[in-house]
């Protein structure tokens, strides 16, 4: 699977209710060293009920400049959430289904009030 297969895919909860679509992915560097860096692992997906594209990072930090762009992108990011890869039940027919009891997290990065 490649990342572009996931981007734009509708996301449904365990009961089949549409929650939004995938707009971004979160990776962590915690795998075994692969050259100079640790290997990247897909941590989760950012889902938006409103937007159809990435927020250029404005949903994950406290960045507020340039003000007009920040305000516009934050408005588009409202209601967005991060769902962990382990909370995905299936990915079939271009639809992502979450497992029952999946936790929806804030897309903001911890300590990212820069």
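What number of residues in segment 4-31 are touching a strand residue (DSSP E or B) at 6+ places or on another chain (Cβ under 7 Å) and within 21 Å of residue 50 (Cβ to Cβ)?
17
Of all residues in segment 86-114 being part of a loop (DSSP other than H, G, I, E, B) and surrounded by 15 or more Cβ atoms within 10 Å (Cβ to Cβ), which is modelled with the highest pLDDT?
Filtering first and then ranking leaves 102.
When segment 20-29 is examined, which residues are found to be closer than 16 Å to residue 85 by Cβ and crowded, with 16+ Cβ neighbours inside 10 Å?
22, 23, 24, 25, 26
The values are calculated or read from the model by the stated rules, or taken from the named source; none is laboratory data. The shown structure was predicted, so the numbers you read here are calculated from the model rather than taken from an experiment. Here Cβ is always computed from backbone atoms with ideal geometry, including for glycine, and neighbour counts include all displayed protein chains.
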